[in-house]
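Encoded as structure tokens, the structure appears first; notes follow it.
The values are calculated or read from the model by the stated rules, or taken from the named source; none is laboratory data. Here the structure is a predicted model, which is why all the values come from computation and not from measurement. A quick note on method: Cβ atoms are made from the backbone with ideal geometry, for glycine too, and the neighbour counts reach across all protein chains shown. Protein only, heavy atoms only, side chains kept; ligands, DNA and RNA dropped before computing areas. Shrake-Rupley method; radii C 1.70, N 1.55, O 1.52, S 1.80 Å.
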Amino acid sequence: MTDFAPDLREEYEENGYVFPAYRDRCFADATESALSLLSSEFDRNLPDSAFGGLPDDVENVVLLVADGFGLDQWTRLRHDLPLLAAFETAGTVTPLTSTYPSETAAAITTLHTGLLPAEHGLLGWHQYLDSVGESIQTLPFLLEDGTPVRDEYPLADPRELFEGEAIYGDAEAAGVDAHVTQPEHIAGSVSSELTTAGAETHGYWNVADMAVTVRDAVVEGGPTHVTAYVPNVDSISHVTGTEADRYDAQVRMVTEAFRTGFLDNLDPETAEKTAVLLTADHGHTNVDEGVAVDLAVPEVQDCLARNDDGEPIQPMGGPRNVQFHVRDDRVEELRNYVETEAGGDVLTFTEAEYRDRGLFGSNHAETSATFDRRAPDLLAIHRDHVMWYEPDDKIGVHGGMTPEEMLVPFAAARASDLRD
């Protein structure tokens, strides 16, 4: 792994901020590259070296996505956890970058569609939904106060969340049997129905059930692709940060459940023809509780664009991925205020600047109408803290561009090799 990390950071890191390595070494290409092991209909944008010595006759691919399990934590725990140690000795581990933002809503939509954020247009956990005229929490499809969107707006269309289609329909058309395993409460959500369309979706109760569910999907016969999504590491990171005993225990629980429930129970012939990939959508950085820059103050609020009721449209994205929609001619005023209050520890982009840098992927794909409509006038990413208009009590956070948030592992091995 150390052969790859310095090269990746040298090419994509600037002054402590890591930019996404789209179409090179980025999480955005994980699913399509995984499917390329099973069908020539899919591009392998990740380097061949990331797949090591996987055989040409692979019939099954399991893509285990551990939400929030960044490269720094893989490095810290790789000798302590049997599954990680097995990948290190019997497989290949390659660092990738996350998408921008390094945030679940954007990155997981990319995972299931193969589209960059500039294409699908879902740019963060908090997003303004035009049909309801207010900000919502995107993936759970909730209003900001936690009310289901459709309870308040029965005609609201979740199809408005993002553009494009799930990649699994293309997989089925190419003769690949596609499966997605998710926690039960996610598998039944309106956003999940869109992002996993074309795949057979399996809800699970806990990670032990997940592992057995993945095994059952694989032994049905190939070619089979299974995406196993696990949010547990991300959840505990928000509460404890990434350096607590409870964090380590959660990672051990996930990896041991997969090792004992899936790998140890495959028959030898299936294990020989099954590739196992492990990656993450983003990592975490740990912050002090509270906010570094309070966005509820008049200096910020007076600069924000207004909705139809004349109220300020609050920042979108999230506390590490702050997207401002700004009144005419107030962008530089707001930018100067944020940079001054952050004491220089903030990276800001106007719309022209982040489009030019391709931060959301606009230098690799044509932007969608949804992206163009949601594109913020000003983007701000703090180096070390959060910036928001409400108190934030999370310890482990993500969405920004630190190496801890942006660098993730991509591990690849044959299932039989991981058991030796």
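State the antiparallel share, in %, of DSSP beta bridges confined to the chain, rounding to the nearest 5.
Values: 37 of 63 bridges.
Percentage antiparallel, nearest 5: 60.
When the chain is treated as a GNM with alpha-carbon contacts under 10 Å, the residue of PRO95, PRO391, PRO140 showing the greatest mean-square fluctuation is PRO391. Leaving ligands, DNA and RNA out of it, report the carbon-plus-sulfur percent of the accessible area of the chain at a 1.4 Å probe. Summing carbon and sulfur atoms, their accessible area is 43 percent of the total for the chain.
What are the GluC sites (Glu not before Pro) within the range 7-100 that DSSP puts in a loop, where the Cβ has at most 15 other Cβ atoms within 10 Å?
Numbers: sites: GLU10, GLU11, GLU13, GLU14, GLU32, GLU41, GLU59, GLU88; in loops: GLU41, GLU59.
Counting only loop positions with at most 15 other Cβ atoms within 10 Å, the GluC sites (Glu not before Pro) in the range 7-100 are GLU41.
What does the accessible area per residue of the range 175-216 come to in Å², with a 1.4 Å probe and no ligands, DNA or RNA counted? If you can, show how the numbers build up before the last one.
Values: 1630 Å² over 42 residues.
The answer is 39 Å² per residue.
For the chain, modelled as a GNM whose springs connect Cα atoms under 10 angstrom apart, the maximal fluctuation among ASP56, ASP43, ASP29 occurs at ASP56. Once the Cα atoms of helix 207-219 and of the chain are each reduced to a long axis, what angle between those two axes, in degrees from 0 to 90 to the nearest 10, is obtained? Orientation of helix 207-219: about 50 degrees from the principal axis.
For the chain, what is the relative contact order in percent, using Cα pairs closer than 8 Å and at least 6 residues apart in sequence?
Working: 946 pairs, mean separation 113.5, N = 420.
Relative contact order, the chain: 27 percent.
Quick one: grab the alpha carbon gyration tensor of the chain, order the square roots of its eigenvalues as a ≥ b ≥ c, and give me rounded if a/c is under 1.5, else prolate or oblate depending on whether a/b is larger than b/c. It comes out prolate by the Cα gyration axes. If you run the Gaussian network model on the chain, springs between alpha carbon atoms under 10 Å, then out of THR113, THR201, THR97 the most flexible one is THR201. With Cα atoms defining each centre, the range 131-206 and the range 250-295 are spaced 21 Å apart in the structure.
Hey, what angle do you get for helix 331-341 against the long axis of the chain, alpha-carbon based, 0 to 90 degrees rounded to 10? Relative to the chain, helix 331-341 is tipped by roughly 70 degrees.
State in Å² the accessible area per residue of the range 345-406; use a 1.4 Å probe, count heavy atoms of protein chains only, and round to the nearest integer. Intermediate values should be presented prior to the final figure.
Numbers: 2310 Å² over 62 residues.
Accessible area per residue: 37 Å².
The accessible area of ARG159, taken with all protein chains in place and a 1.4 Å probe, comes to roughly 70 Å².
Going by a ≥ b ≥ c, the root eigenvalues of the Cα gyration tensor, does the range 170-318 fall in the rounded group (a/c under 1.5), the prolate group (a/b larger than b/c) or the oblate group? Don't jump to the answer; show the numbers that get you there.
Details: a/c = 3.40, a/b = 1.75, b/c = 1.94.
In terms of gyration-tensor shape, oblate.
Against the main long axis of the alpha-carbon atoms of the chain, helix 104-113 sits at an angle near 50°.
Just from its helices, what would the mean residue ellipticity at 222 nm be for the chain, if runs of 4 or more DSSP H residues each count -39500 (n - 2.57) and the sum is divided by every residue, rounded to the nearest 500 deg cm²/dmol?
Numbers: 20 runs with 145 residues, N = 420.
When only DSSP H runs of four or more count, the value is -9000 deg cm²/dmol.
Per residue, the range 69-159 exposes an accessible area of 31 Å² to a 1.4 Å probe, with every protein chain left in place.
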